[in-house]
Every structure is written in structure tokens, then in C-alpha cells.
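The next block holds one structure in the form of C-alpha cells; read it before the comments.
Here, each number is a calculation from the coordinates, and none is a lab measurement. Quick caveat: nothing in here was measured; it's all calculated off a predicted structure. A quick note on method: Cβ atoms are made from the backbone with ideal geometry, for glycine too, and the neighbour counts reach across all protein chains shown.
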């Protein structure tokens, strides 16, 4: 079986990218290697957050149903929560992919998340909260 040179280059690039991403994410997850205010730490945190959101975005399905159930009747909460969950799954997974791809670039002057909460399991944010 002959593998073309293009495929070999692509596989090498993907392996290098995964290795680099893993090492940055591991150093960011350890928390002991760099102080929180360094750029490398903030980039690693953004990468880790992006990978996590891209992998766990489907958790929005259940989260949205539960959130709707707290404010609406059971008859309305399940279908509305399901469609809101599908939409938020796409948003969170896509945003995770964007954060992963742009982890070296600060957005808005820093590396903080534009999605609130930053992770699917984060606390519910009220519309009037500034955090």
C-alpha cells in the first residue's frame, strides 16, 4: 500500500499539533509550573478550555432542559429545552473549536472566555450578572 507524501505530511503535522497541544494543556492543568499572570499560562488555560468545551458541548442538551424546567411548566420545558440545547451544543462546541484554534491570540485584550459560564457545568448566570 502506497501512502502519498501529502498524507504523510498531514499525519506528521497532526501528530505534532496534538503533541504540542497536549504538552501545553498538561502544563496549564498542573497549575504549579507557571504563575497565573503569565501569557503562557493564560494561553494554556484557553487551550484547555477550548478542548474541554469542544468535547463536552453536548452536555448543553440536558443543561438547557433542566434550566427551562426551573422556570417553565413540564409541558413546555422539554421541547423548548431540547431545541435550546441543540442550539447551545452547536454554539459551545463551535466556540470550543475556535478557542482551541486561536489559543495564542487574546480576544478582547485578555484570554478569558466570552461564553458564560466558561464550561457547560458552570453555575447558571443571570442576565443581570456582569460575571
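Legend: ranking of residues 37, 99 from fewest to most surrounding C-beta atoms inside 10 Å; resulting order 37, 99. Compared with the alpha-carbon gap, the fully stretched path from residue 118 to residue 9 is longer by 35.8 nm at 0.36 nm per residue.
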